[in-house]
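First the structure, in the form of structure tokens, and then the observations on it.
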Ligand code: ADP
Ligand code: MG
């Protein structure tokens, strides 16, 4: 019943828009923001293979490596970047906006046809962390107008850039391992997101769990603390088991989803993507918004790749 009412409301909005001659709002794809409190928990591994899995399902995917200074998604994709996000940061530091042209230049064709924007390597030069944050959000915004989904590898820590990325995304994911230190840092990150954007609750994704019980008990521990001190639940979007294939693939610089599609880690990642795909699928993401056809340079960004 509610669905029928929603459909009717969407139809009425479209009708009103047509009658007033107004352009429908620009299409904006959902953003999956991946971050963690503690580093080295598997964010890049997950971001790369999640992007590939979504691309193989027919979605136009962009992967932005926003791990400032420690970027390595390009390595995991086996790419040799000719341009990096550092250019966008330099542009913003000079007082300009990130342009569509620049996004096109930074965008490489990655595995499974996904668009990869390689991240910044080394320290910020002549730019502030605020410039970096602005450059990331403008780049992600432009890509979100051209793609079906944008996956952002935000890096670790409680910094403003990570917090902002999680609070702005439609699908914020905090990755942690069942290790107590990683869970404590994941909690700290969720707390800091809640303190700046109270309505946003990230999903927890547990990586390197021994098995489902290990993941469940780790989730229960952190969810209990979140309920007690933050007054919110902490939904578990899934878990990925410890799997020696993951490191073998990282050493060979080959994405897990391509080099080990049948591995236990890939199968579990697929289940996580199934859950997220319900959110990012074309049927759901813009169901109540008429889609404006992609035009101009942004359209070419998709077509050329
Ligand atoms: P982050 O981006 O969070 O720093 P990475 O994706 O670079 O983490 O992963 C860090 C290390 O952990 C890599 O060597 C990777 O192969 C390993 N790793 C990640 N996930 C798993 C897993 N499920 N099983 C085994 N090793 C893993
Ligand atoms: Mg990483």
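Every number in this text was worked out from the coordinates using simple rules, so none of it is lab data. None of the values given here were measured: they were computed from a predicted structure. Note that we place each Cβ from the backbone using ideal geometry, even for glycine, and neighbour counts take in every protein chain shown.
List of remarks:
- Orientation-averaged projected area, Cα convex hull of region 227-272 (nm²): 4.2
- Gyration tensor verdict on region 58-171 (Cα atoms; rounded if a/c is under 1.5, prolate if a/b is larger than b/c, oblate otherwise): rounded
- Cα gyration tensor, region 160-245 - rounded (a/c under 1.5), prolate or oblate: prolate
- Label point 7 Å beyond Cα of residue 130 along Cβ direction - residues of region 143-160 with amide nitrogen under 20 Å: 158-160
- Rounded if a/c under 1.5, otherwise prolate or oblate - region 148-209, Cα gyration tensor axes: oblate
- Rounded Å value of the spacing that divides the Cα centres of region 83-108 and region 156-222: 29
- Computed label-point distance, nm, for sites residue 79 and residue 99 using a 7 Å Cα→Cβ extension: 2.1
- Summarising the label geometry, the points placed 7 Å from Cα in the beta-carbon direction at residue 262 and residue 228 lie 4.6 nm from one another.
- Here the average projected area of the convex hull drawn through the C-alpha atoms of region 108-236 stands at 9.5 nm².
- Ranked list, fewest to most other Cβ atoms within 10 Å of each Cβ, for 108, 130: 130, 108
- Enclosed volume per residue, in Å³, of the convex hull spanned by Cα atoms of region 131-178: 81
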